[in-house]
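Worksheet: the structure to be examined is printed underneath.
The values are calculated or read from the model by the stated rules, or taken from the named source; none is laboratory data. Predicted model only: the values in this text are computed from it and were never measured. We place every Cβ from the backbone using ideal geometry, glycine too, and count neighbours over all the protein chains shown.
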Amino acid sequence: MKTPRLLLAILAGAGLSVGTFGAANAADSPVSIRLDPQHSGTAVSPDFSGLSFEVSLLLSNESGLRYFRADNRPLLNLFHTLGIKNLRIGGNTSDRDVRQLPDQSDLDSLFAFAQAAGVKVIYCLRLHNGDPQVDAATAKYIMDHYAPLVDCFSIGQEPSAYPLEIKDTRPATERMGAAAEKYQYPAYAADWKRFAAVIIAAVPDVKFSGPGVHNNAVWAQKFMADFGHSNHVALITEHLYPGGAGGKVSTPEIGRSRMLGDDFVHAYQRLYDGFVPAAASNALPCRLEEVNNYFNGGATNVSNTFASALWGLDFMYWWAAHGTAGLNFHTGDKVAAGNALRPSKYTAYYSTTNGFEVRPLGYGIKAFDLGGHGILIPATVTNPDQLNLSAYAVRDQAGNLSLTLINKEDSPGTGRARVSISVAGDHSAAGQVIFLSAPNQDLAATSGETLGDAEIQNDGGWNGRWSPLEAAGNGLFSIELPAATAVIVRLSVK
């Protein structure tokens, strides 16, 4: 007998429906989905998909090369393939754990890359032990030379986790989370206002975002109350690693189960309730400018597995359906974990000698790019066996529909969904499908994943194939969706 842990009601007009967590008893579980293109929900922002990197990555490496540069063709190709439109530069190395700040030539290289990649940049300025004049000079240089490529500036990285002492005595891997974060908002607000005033004086058309804290809606509420209608604030930002510290995951199986279950969804909902409606009431967009599944670089055999591809795809749609302007997955070969840079388990891709190896999370980001452009519409799901399955539907400008189904069951022998799809008020003329899958439907797989039967190549190229989907009659389409698999269905509507 299944024990459902959560049944989320369908969000009217948002195109979101989530089944409860539980394994199916039969090999095939019937699922029916009714799409309603006549009723619109939230529009997905064109720059919803973003990545976040440590500011230290702007510096030249031991060979004198910069990561972000206009001739880094594999990286440019990869950004285009994944559909990345927003680039956030920050992380701990931009603020409290800074070793060296970028100089003008580093900034020139960054924005040459941004121009070639077609992205806008959110740039974090140093606050902790920083100098407002230095920040003002940096912002002025960027705006004088690259204003069209700038989204906004943040001042400070996760200030709620600043140390109280001159020397931080907390363990390096235990500087985030309620138990470790003791820095008070009033001290931050006073410093932020002082720094902002100096920057505004130097750059009158500057735009700011904030407060950039981790999973702390109270700080966002206070920041909006203090600065939401002044001081050039144009974007409200939060960070979120819903699983907490990667090093505290007891077993990989538990870590993957949490990532695809109700525990993570509860974390999303709490943060959403705390700051997104408040931002909307202040007519301010909001963005999750630094996210991933577990912080401190991720959890071993969890953050680097195919489970992260399904999680990332679902996570993106969840926040798109809840009205946020976008999110940026923190990534890179190494990321800050406390005051040190450590190899990243949750990265979307790794550098190789001839380009980049795309990890499972990168495939989830690409899957969103295939189905996530347009306006979310209602997708009514009937799921009697309560498979752990999510469904999101989008209507594009031409009126065509994309339905993304994510089967998060972890039972290759069972947990398979037999899905029937219908469209309210009309019949679909043609359909196509493309599957996101891992070898043997294994959530623990760390390689071999494909999208459209193809891998994303080291040079950033991808040649995945869509397969035709024939109508089963009466305007219905039918597909089988194995466990631990996602599918994007495109329907051309008459």
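In the set ASN231, ASN215, which member is in the same structural domain as TYR317 (by TED's automatic domain parsing), on the phi > 0 side of the Ramachandran plot and modelled with pLDDT under 95?
Exactly one residue qualifies, and that residue is ASN231.
Name the residue that is nearest to ALA172 (Cα to Cα), counting only residues in segment 225-264 that are among the hydroxyl-bearing types (Ser, Thr, Tyr) and free of Cβ contacts under 8 Å to residues at least 12 places away in the same chain.
Ranking the candidates gives SER250 first.
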Only listed residue being assigned by TED's automatic domain parsing to the domain that holds VAL203, in a helix (DSSP H, G or I) and either in contact with a Ser or Thr (Cβ under 7 Å, 6 or more places away or on another chain) or within 22 Å of SER60 (Cβ to Cβ) (or both), chosen from GLN100, GLN115: GLN115
Any chance PRO378 is out of contact with any strand residue (DSSP E or B) (no Cβ under 8 Å at 6 or more places or on another chain), more than 16 Å from GLN432 (Cα to Cα), modelled with pLDDT of 95 or more and not polar (S, T, N, Q): no
In segment 122-170, what residues are modelled with pLDDT under 95, closer than 21 Å to VAL213 by Cβ and of a type in the set (Lys, Arg)? ARG170
In segment 458-494, which residue that is closer than 21 Å to LEU260 by Cβ and small (Gly, Ala, Ser) is surrounded by the most Cβ atoms within 10 Å (Cβ to Cβ)? ALA484
Tell me which strands (runs of 3 or more DSSP E) are completely within segment 372-441 and hold 3 or more residues being within 17 Å of ALA483 (Cβ to Cβ) and in contact (Cβ under 8 Å) with a residue 12 or more places away in the chain, or say none if there are none. 389-395, 401-407, 416-423, 428-437
Output yes when any residue across segment 431-446 is under 21 Å from the mean Cα position of the chain (by Cα), of a type in the set (Val, Ile, Thr) and surrounded by fewer than 20 Cβ atoms within 10 Å (Cβ to Cβ), and no when none is. yes
Among the numbered criteria (1) over 24 Å from ARG342 (Cβ atoms); (2) among the hydroxyl-bearing types (Ser, Thr, Tyr); (3) modelled with pLDDT under 95, which one does THR93 miss? (1)
Out of all the residues in segment 204-229, which are closer than 15 Å to VAL276 by Cβ, of a type outside the set (Gly, Ala, Ser) and assigned to a loop (DSSP other than H, G, I, E, B)? ASN215, ASN216
Take the residues in segment 27-81 that are more than 24 Å from the chain's Cα centre (by Cα), among the polar types (S, T, N, Q) and not in a loop (DSSP other than H, G, I, E, B), then tell me which one is nearest to ALA379 (Cα to Cα). SER32
The one condition in (1) of a type in the set (Lys, Arg); (2) buried (at least 16 other Cβ atoms within 10 Å of the Cβ); (3) over 23 Å from GLU290 (Cα atoms) that ARG194 fails to fulfil: (2)
Got at least one residue in segment 430-447 being modelled with pLDDT of 95 or more, under 26 Å from TRP318 (Cα atoms) and in contact with an Asp or Glu (Cβ under 6 Å, 6 or more places away or on another chain)? yes
Take the conditions over 18 Å from PHE306 (Cα atoms), of a type outside the set (Asp, Glu) and not in a loop (DSSP other than H, G, I, E, B) and apply them to VAL487. Does it pass? no
Could you tell me whether segment 208-222 includes any residue that is loosely packed, with under 14 Cβ neighbours inside 10 Å, closer than 29 Å to ASP47 by Cα and touching a residue at least 12 places away in the same chain (Cβ under 8 Å)? yes
Output the qualifying pairs, or none if there are none: Cβ atoms under 7 angstrom, residues six or more apart or on different chains, first residue in segment 28-43 and farther than 23 Å from GLY323 by Cα, second residue part of a loop (DSSP other than H, G, I, E, B). SER29/ASP385; SER29/LEU387; PRO30/PRO384; VAL31/ASN383; VAL31/LEU387
Taking segment 88-118 as the region of interest, how many residues are surrounded by 21 or more Cβ atoms within 10 Å (Cβ to Cβ) and in contact (Cβ under 8 Å) with a residue 60 or more places away in the chain? 8
Among the residues that make up segment 301-317, is at least one of them within 25 Å of ALA379 (Cβ to Cβ) and touching a Cys at 6+ places or on another chain (Cβ under 8 Å)? no
Being at pLDDT 95 or above and in contact with a Pro (Cβ under 6 Å, 6 or more places away or on another chain) is the requirement here; does ALA267 meet it? yes
For GLY415, indicate whether it is in contact with a Pro (Cβ under 8 Å, 6 or more places away or on another chain) and modelled with pLDDT under 95. yes
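Being surrounded by 15 or more Cβ atoms within 10 Å (Cβ to Cβ), within 24 Å of ALA299 (Cα to Cα) and in contact with a helix residue (DSSP H, G or I) (Cβ under 8 Å, 6 or more places away or on another chain) is the requirement here; does GLU409 meet it?
Judged against the criteria, GLU409 is not a match.
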Those residues that are within 27 Å of the chain's Cα centre (by Cα), farther than 20 Å from GLU54 by Cα and either in contact (Cβ under 8 Å) with a residue 12 or more places away in the chain or outside the structural domain of ALA201 (by TED's automatic domain parsing) (or both), I need them from segment 147-176; list them, please. ALA147
